[in-house]
Each structure stands twice: as structure tokens, then as C-alpha cells.
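Report on the following structure.
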Amino acid sequence: RILVIDFGSQVTQLIARRLREDGIYCEIHPFNLVDAAFLADYGPKGIILSGGPASTRIETSPRATEEVFTFGVPILGICYGEQTIVAQLGGEVETADHREFGRAEVEVVESSPLFQGLWAKGGKYPVWMSHGDRVVELPEGFHPIAITPSAPYAAIADEARSVYGVQFHPEVVHTLDGARLLSNFTRNICGCHGDWTMAAFREEMTAKIRDQVGDGRVICGLSGGVDSAVAAVLIHEAIGSQLTCVFVDTGLMRAGEAEEVVSLFRGHYNIPLVHVEAEDLFLGKLDGVDDPERKRKIIGGTFIDVFEEEAKKIGGADFLAQGTLYPDVIESVSFDGGPSVTIKSHHNVGGLPERMNMKLVEPLRELFKDEVRALGRELGLPEAFVGRHPFPGPGLAIRIPGAVSKEKADILRKADAIYLDQIRKEGLYDEIWQAFAVLLPVRTVGVMGDERTYDWVLALRAVTSTDGMTADSYAFSHDFLSRTATRIINEVRGINRVTYDVTSKPPGTIEWE
Ligand code: XMP
């Protein structure tokens, strides 16, 4: 196993992803939580220091604990990670005149185990750079192995100590050989075997859950999405009847959601499930609230109220289980007051109230969506369920910009079901990461038959993505969009105009709130 020490780069999670795709287990931990005791306990075969937004030229900028350098396993620093290695081992970093962002070409000046079978001395290779500072003087023992015109130390090595640094980002796909370069580090230099699989994760995680929970009781909220279902099944495998699953019908679920979840758990798995009808409660609390972050916080808080209520009924619960994924964590958690900002408070992370009396069990926190799907298959979830598009915890509330009402939720639910039905009928469902309708708080004039109408506008959204971190709008045919629009306007009272959202992420986000 490899340890990735996080200095706050937006792409740190991609390091983990590349490693796991290569069959190598790793975990990401923030730099300030990694100390000597942690290293001894974790026992990594290699350490990767991530990039980050800080500058080593600032006294208070993050540093790796000194024990990283004496622990005795190979180290690879990426971008800020390289700079902090240099700064901490006695070299020098300065602010570059020319900041380098995007594509660049490195020239290999020395053959190295890092480039083995990949990059030859004298060759030039495309990489992806993103840095303002650059290394100007190497610590003793280091020498450059690749250069660019503006970064004379684009890659450096001290083979004797097995410490490597690269100024570019091997974890992003724009660095063509990046994944293989990481593989050289983990397999050839650190000696990892690459035999980690989802089956191994399942076993390790069930043991960890047993360890964390002891003989405590756990409540798990099911949202109707894949993540919470996978988390629940995994936890059930670990602790059996210590787990109580709760499906809360918030009135903000998609059409047919409740039935599907209830039949999966009670029918397919025979896992007991409490079904709570809470539409009035949720819609009551959301009444008149139009700020997106407040809506998220209110929904997160109300979920906790319901879970605590249910916990009381079973004589108290010690833990709340959630299907939080890595992208939820990274987008919700601001980095220790640093410059990586909160985009949205995903309700299963940042939207939880401080006062919550239960501790969290989040077995999927390290995983990406496609990894959760693989784990779901491993756990025997039906393919149709595993392949479902993601559905956010706050549900339809964040697809009704502005204030939410039952009337609006009903209109949206109907339109959304027709849209998804069209997509399924045309065999497009599996090509799309996520498709849904958004009910805009805008009314426009239309004409139906001989009547004037003054009704709501619906926006359709469909995106392709591999992990929800970035996304492109899906290119439906014009025909498909017209047919769908016609069906929705004919069948759903209250909508008289349909639009299609062609924004990618970034600059948009997938959901509208
Ligand atoms: P955004 O809108 O941030 O969405 O681009 C990225 C992915 O995350 C989902 N999402 C959520 N999932 N709780 C969740 O469980 C939330 O609060 C939440 N907000 C967004 C979104 O549907 C997309 O798949």
C-alpha cells in the first residue's frame, strides 16, 4: 500500500484513482495528520506527496513531517510535493517569472527507474504543468532527470535515497504516460505487486467497519441512489442486525424511488428496512426558503432529526452510516482554511449539523463512483440498480431553483420520469452519467390549442463524466429533444416550454444548485 500525502491540490484524488486502476491500494491523508505514529501504523511501501496551492516560499506553508524522509521508503513528490522535498532537504525554490500552466514538453536528460521502459534519454514527451514556483537549487544527492525550457528541474531524482520529484502532474490524462510513470514508481521502485481488487477492499472494509463499530448500533439512511445502497449492503455484511436501514420519503424523491429501494432491501437482500413518510416535515421546513446553501443545510438537518427519532425507537444508535464518496468530500471540505474553496455543501458531508449525536461510518469515502459500482457488483447488487444514475441526497429540492413546494415537486417528478423514459427507450441511459430535469422559477407565455398559457419552464440536463468532478453536456439529437419536449408539454400540466442545458462542468456544476 501507498500513502498519498495531500497538500490540497484539486487533482490529488486522481493520484489515488490512477493507482487503484493499476491494482495498487492507497489512501489519501492530509499533510497535517501524518506524523511518525501515523506512518508506523499505516506502514506504506512508498509515499507520494501531492501538489497543492501553497508556495514553499512562505514560512507557514504546509510541510511534510520530517519522519517522511527518514521512514525509509521511496518518495515521489508531485508539483508542490517536489518543491517541498527540495525546500525541506536543503535546496531552493523561487517564484518563477513565467508561470507554466497546461501543456508542456519535457526533455529527458538522464535515464531513470521512474522512466524505465517509457521515456528514453534525449526524448521529448508531453506533460501537463501547473505551477508558479520552480526549483532553482537541488539538495545534495539530487540531479535533474528531465527539463523544460522554463523548469530546469522538471523531474529530479536521488536514487540512493529513492526520492523523486516531478514538477508536472502525472496523474492527469494530459500527461500521456502519466499512469505508467506512476506505475514505475509504485511497482518498480516501491515493489508493490498490484494485486489489489474490489474483493480485497470488501474484506478490508468489512473488518474496518467491525472494528470501528464494535458492538454499537448503526443507522443507515438510504437515498435511493447507488452509494447509500452499496454502503448499507457492505455494512450489513460486516455487522448484520446491528444495522438498521431507514428510507426517508422526503417528498423530494424521483417517481418510483421508494418502491425500488424497498423491494431491493426487503425482497432481494432480506435486510430489514424502516420506511418513514416525511414529506410534510421536509416541505414544511423548506417552505419559502430560496437560498441554495440554506436549502441544503435544512435538508441535512431534517434528515438527522428523522434519523435521531428512528434511533430512539430502537433504543438509541451510536453511528450514522452514509454513502459519502471522495468527490463529495473534496468539493465540500475547504482545505484547512486554505485556498481550496467550498463549492457546495453536499448534504452527506458539509451539510450535517454540528449538534449531531451520532458518529459517522462512511466506508466509501475513499472511492469514486465507478469504483462504488464495481463494489456493488462484487456485493451482488442487481445490474439495473448498480447502473443507476447518481441522485443527490437533497433530491429534487436542488432541481427546483428557488423556493420548493409540493406542487412544483409533483410537476418536476412527472416531467423527470418522462425524460428518463425517453432516454431508456432510445437505449441512451448507459451512455449518460446523469440525466434529470430542472423546474425553473420562470413562467413564460405559450399557446396550446386556442388558449393562452402562462406556465413554468423546464430545463433538461444530461452529462457525460467519469467521476462527476468534470462533465460535458450530452449531445442528444435535435429530434430526440423535440420529441421529448413535446411529450412533456403534452403530458405535464404546468409546463409550457422546455430548454436544454449545454453547459459543461466547469464552469457549470452538474446540479443547478
Ligand atoms: P455537482 O452539482 O456538484 O454534482 O457538479 C456532482 C455530483 O454530485 C451529486 N451531488 C450530490 N450528491 N449529496 C449527494 O449525495 C449532495 O448534496 C449532492 N450535491 C450534488 C450530483 O448529483 C452529481 O452527481
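The values are calculated or read from the model by the stated rules, or taken from the named source; none is laboratory data. Being a predicted model, the structure only gives us computed values, none of them experimental. Here the Cβ is made from the backbone with ideal geometry for all residues, glycine too, and neighbour counts use every protein chain on show.
Taking the criterion of being of a type outside the set (Asp, Glu) and assigned to a loop (DSSP other than H, G, I, E, B), the residues of the stretch 63-86 that qualify are Arg63, Ala64, Thr65, Phe71, Gly72, Val73, Pro74, Cys79.
The C-beta contact set for the stretch 1-13 (first residue at pLDDT below 85, second residue part of a strand (DSSP E or B), distance under 7 angstrom, 6+ apart or interchain) comprises Gln13/Ile28. Number of residues in the stretch 255-269 that are of a type outside the set (Asp, Glu) and under 21 Å from Phe436 (Cβ atoms): the value is 5.
Is it the case, given these coordinates, that Gly338 is within 16 Å of the ligand (Cβ to nearest atom) and at pLDDT below 90? No: the conditions fail for Gly338. Residues that are in contact (Cβ under 8 Å) with a residue 12 or more places away in the chain and β-branched (Val, Ile, Thr) within the stretch 62-94 comprise Thr65, Val68, Val73, Ile75, Ile78, Thr84, Ile85, Val86, Val93, listed in sequence order. With a requirement of 3 or more residues that are within 15 Å of the ligand (Cβ to nearest atom), the strands (runs of 3 or more DSSP E) lying completely within the stretch 405-513 that satisfy it span 434-448, 451-464.
Considering only residues in the stretch 173-193 that are in contact with a strand residue (DSSP E or B) (Cβ under 9 Å, 6 or more places away or on another chain) and surrounded by fewer than 18 Cβ atoms within 10 Å (Cβ to Cβ), the one that is farthest from Gly102 (Cα to Cα) turns out to be Gly191.
All of (1) surrounded by 16 or more Cβ atoms within 10 Å (Cβ to Cβ); (2) out of contact with any strand residue (DSSP E or B) (no Cβ under 7 Å at 6 or more places or on another chain); (3) under 27 Å from Ile2 (Cα atoms); (4) in contact (Cβ under 8 Å) with a residue 60 or more places away in the chain hold for Glu260 with one exception: (3).
To keep it simple, each residue is scored yes or no on (1) part of a helix (DSSP H, G or I); (2) at pLDDT below 85; (3) more than 14 Å from the ligand (Cβ to nearest atom).
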{"position": "Thr324", "(1), (2), (3)": "no, no, no"}
{"position": "His346", "(1), (2), (3)": "no, yes, no"}
{"position": "Met356", "(1), (2), (3)": "no, yes, yes"}
{"position": "Glu366", "(1), (2), (3)": "no, yes, yes"}
{"position": "Glu371", "(1), (2), (3)": "yes, no, yes"}
